[in-house]
1. Counting other beta carbons within 10 Å of each Cβ, put R582, R52 in order, fewest first.
2. Hey, which of these cross-link pairs are over 23 Å Cα-Cα: K326/K585; K448/K545; K448/K620; K332/K585; K182/K375?
3. Compute the Cα gyration tensor for the stretch 449-544, then decide on rounded, prolate or oblate, letting a ≥ b ≥ c be the square roots of its eigenvalues: rounded whenever a/c is under 1.5, prolate when a/b is larger than b/c in the other cases, and oblate in all that remain.
4. Assuming a ≥ b ≥ c are the square roots of the Cα gyration tensor eigenvalues, decide whether the stretch 209-364 counts as rounded (a/c under 1.5), prolate (otherwise, with a/b larger than b/c) or oblate.
5. Among H590, H79, H213, H140, rank each residue by its count of other Cβ atoms within 10 Å, from fewest to most, as a rough exposure measure.
6. Under the 0.36 nm per residue contour assumption, what length would be gained going from the current alpha-carbon distance of I656 and V63 to full extension?
7. Treat each spin label as a single point 7 Å out from the Cα along the C-beta direction, and report the C422 to T206 distance in nm.
8. Relative contact order, percent, of the stretch 449-544 when contacts are C-alpha pairs under 8 Å separated by at least 6 residues?
Amino acid sequence: MDGSSASVDAAAAVHDDALPDDNEPESGTSGRTRHVDGIITLDQLESAFNNRGDFVLIFLSPVFFTFFFAAFASAALTHVPINDMFPSHRGLAMAILMIGGEVRRLYLSAASQVQSFFTFPRMYAQDTKDDTTLKFKSIHTPDDAYVWLATTFLTTIFTAPDSKSLAVVPSTLRSRVATYQKIVGAIELRVFSAPPVACSSSNKLTRIYSPCHDFLSAPIEEPWYLPPNSSRDDILDWLSTVQANGSLITPSTSSLHITIPTYNGELDLLCIMSLRINFQAGGFVDTKYKLTSIPLDPYGDEHDGIGTDALVLLFVLVTLVTEFRKFRQVRKQRLRRFWSPWSIVTWLLLVAVATFYVCWGGLCWLVYDSTLQTKIIALDDPTLDVDANASLVETYVADIVSTVTTMGYAMIALRLEAMAACCLLMLRILGSLRFHPLLNVVTATLVKSLQELLPFCFVFAVCLSAFVVSGCLLFGDNVKQFSTASMAYVTVVNMLFGQFDLAQIFDVNYYFAVVWYWSAMVVLFLVLFNLLLAVVLEAFYREHKQAEAQSAPYINAIANLQRVEGPWLWPWAHNDMIALGRAVKRKHLHEATAPAIAKLLNLPLDQAQKVLAKAIAFTKIMDILRQPNNTQGDATGDEPDVDRVNHQLVEMEVRIATMVARLDTQV
């Protein structure tokens, strides 16, 4: 052996047990092959030159996606100003939802109770409003709903007792809630009623119960709009009249929806509060509320969000170019497949970001539409004659409430898409760390654990369903958390983490509850949860052991390249390396040896040896960096073994040809 072969042999080590790359042709006798004992083929040299950009992409991907995450998170928090939304929501919720006392019953006669349910006279509300104020979450009966409306909600919204008191209040301070929230348009009360039908049961007792109500069919809607510039007495008189006419809360009422659109000039936010009171057929009343805010000046005078949006667009374009480049490479080289789990995550990420900005564009279009603001300003004009323009006012109010509700749905969709994009970016960052054996431990453990948890998930779902159904049968008639199967699933999972008040089921039947609870805890928590932990730990142990085995050749390859190139690890910045790559690509070089390179490029022999050593070290690193992709291939059967045998045969041919060439050179 001469000096050149010894120098080349010291540049790289053998990695015989590496699987073939997913980006290699299926045929084992053509195309690129792996180098052996410091030997490199012309195909490998050409591949290293053509794919030298992959080296940069592999190392820069974690940095790229980390900055992508930071830019998108900044844009999302700019377009969804949580710091402004929280005080606005909190103030409005405290002013409307937390006013009033806990459950306080009125001890009326039976006749008075029936009368209050159907008519609830105005005088009754006047005489008892100081003693019957209720919180929104304290509504448990239809009577409670009317008490809350008459004595808590409307008295909080309409603070001026009469027209004289209202006239004293400056027009700019009217219709205020929680000091800074000004009601825009009107308050919408939408009543949903179930149509009365004949009782369909064959039971003879239906003769004494009539009529029944079809709560499953489409309800009858009746909207009411309350002008914010009204006195309390006028609103309460209207409420009493509507209730007496049987148009508000009756046995046919299935739901009452209240929508309150407000504008906060201090924070420049449009807030929509939606209150839902659902009257179920069994007499149970369920209350829900939702708050949504929309910034009315999305970009502000200083256009703060344009820079982050432009940066996100730049990251999206770079990602698209990279993915299309990979796709063209796959089509050009006729590789096995383009789609992998991580490429699917990347494209889902792009779809989520695109959907986020579609929702944002639609929201901006609604916000910047001058028609909405014109209608709001027109209705707030104190000189407007509401009675003379009743039809116009009703049309304006309906349009305002409809537009504001649509904006609220758009904001909710915007936030959901932002959440999805952030989660996908997190996965993409973890996936980009696969190039490093030690950094890949967490990602590989996650992937392997998910693959091995499919049988466990089936067993867990069966056991969980059994305890959910049994919990519904035992406690569903008395405990709300077990009243439906969907709520029971959430309740049982929360119970496993200690987030459930056991006193609720113990009060139903103590002995049944004890047996059911401890059976669920033993099976679901003590056995299955610990089995889940064992599966994850086993996967982590295997991946960590494999990472330790892979880290040695990776570190050696990096050290070899650093020794011949320097700390920058990029040999293709030199003219002689570029000249070598171009010569190989143009088929000017016929053998990958130092003398041949020295002769072709007109270099000294020691310089040619160094160039060849750099190429071999670079190819070795690329082989190791691509190994994480090999483990995610979906090839089955004996194909990997056949490819390995074919590669070994080609490598033996390369050994023999190289030995013959060296012998001829010495002779």
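1. On the way: R582 12, R52 17.
Listing R582, R52 from fewest to most nearby Cβ atoms yields R582, R52.
2. Details: K326/K585 20 Å; K448/K545 14 Å; K448/K620 27 Å; K332/K585 16 Å; K182/K375 15 Å.
Beyond 23 Å: K448/K620.
3. On the way: a/c = 2.90, a/b = 2.32, b/c = 1.25.
Cα axes put the stretch 449-544 in the prolate bin.
4. Numbers: a/c = 5.40, a/b = 1.95, b/c = 2.77.
Oblate, because a/c is 1.5 or more while a/b does not exceed b/c.
5. Working: H590 11, H79 23, H213 19, H140 16.
Listed from fewest to most nearby Cβ atoms, that is H590, H140, H213, H79.
6. On the way: separation 593, 0.36 × 593 = 213.48 nm, distance 4.36 nm.
My answer for the length gained is 209.1 nm.
7. 5.3
8. On the way: 56 pairs, mean separation 30.6, N = 96.
Once divided by the residue count of the stretch 449-544, the mean separation gives 32 percent.
Laboratory data are not the source of any read-out in this text; all were calculated from the coordinates shown. Values in this document were obtained by computation on a predicted structure and should not be read as measured data. Note that we place each Cβ from the backbone using ideal geometry, even for glycine, and neighbour counts take in every protein chain shown.
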